[in-house]
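Trainee: What follows is a structure written as structure tokens; I'll ask about it next.
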Amino acid sequence: MGSLYHVGADPRLNHAIPTVGGLDDLRCAALLTEFFSERRAEATDRFSS
């Protein structure tokens, strides 16, 4: 949930968003790795044709 703007910590918002880190972290990491690996392969295929 955190990046340059942390939605859950903004006191201007009227809702608190509880978060728990580390849930399914390995599965999520694998999904992101696969997604970006496929995108890189697609980009390589486009530029090598």
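Trainee: Hull surface divided by four, with the convex hull built on the Cα atoms of the chain: how many nm²? Walk me through the intermediate numbers first.
Mentor: Values: hull surface 20.7 nm².
The number I arrive at for the chain is 5.2 nm².
Trainee: Shifting gears a bit: Less than 13 Å Cβ to Cβ from Glu34, Lys/Arg counted +1 and Asp/Glu -1: what total charge do the surrounding residues give?
Mentor: Working: positive: Arg27, Arg39, Arg40; negative: Glu38, Glu42.
Result for the local shell: +1.
Trainee: Give me the extension gain from Thr19 to Arg46: residue separation times 0.36 nm, minus the current Cα-Cα distance, reported in nm with one decimal.
Mentor: 5.8 nm
Trainee: List the chymotrypsin sites (Phe, Trp or Tyr not before Pro) within the chain that fall in a DSSP loop (any state other than H, G, I, E or B) and whose Cβ has at most 11 other Cβ atoms within 10 Å. Present the calculation step by step, with values, prior to reporting the outcome.
Mentor: Details: sites: Tyr5, Phe35, Phe36, Phe47; in loops: Tyr5.
Answer by residue number: Tyr5.
Trainee: Another question, if that's okay. Are there trypsin sites (Lys or Arg not before Pro) in the chain that DSSP marks as loop and that have at most 13 other Cβ atoms within 10 Å, and which are they?
Mentor: On the way: sites: Arg12, Arg27, Arg39, Arg40, Arg46; in loops: Arg12.
Of the trypsin sites (Lys or Arg not before Pro), the ones in loops of the chain whose Cβ has at most 13 other Cβ atoms within 10 Å are Arg12.
Trainee: Please list, by residue number, every one of the GluC sites (Glu not before Pro) in the chain that is coil in DSSP and has at most 12 other beta-carbon atoms within 10 Å. Working shown, then result.
Mentor: On the way: sites: Glu34, Glu38, Glu42; in loops: none.
Here no GluC sites (Glu not before Pro) fit, given the DSSP loop and packing criteria.
Trainee: Helix 25-48 against the longest principal axis of the chain: what's the angle in degrees, Cα atoms only, rounded to the nearest 10?
Mentor: The answer is roughly 40 degrees.
Bear in mind these aren't lab numbers, they're just calculated from the coordinates by the rules spelled out. Quantities reported herein were computed from a predicted structural model and do not represent experimental measurements. Note that we place each Cβ from the backbone using ideal geometry, even for glycine, and neighbour counts take in every protein chain shown.
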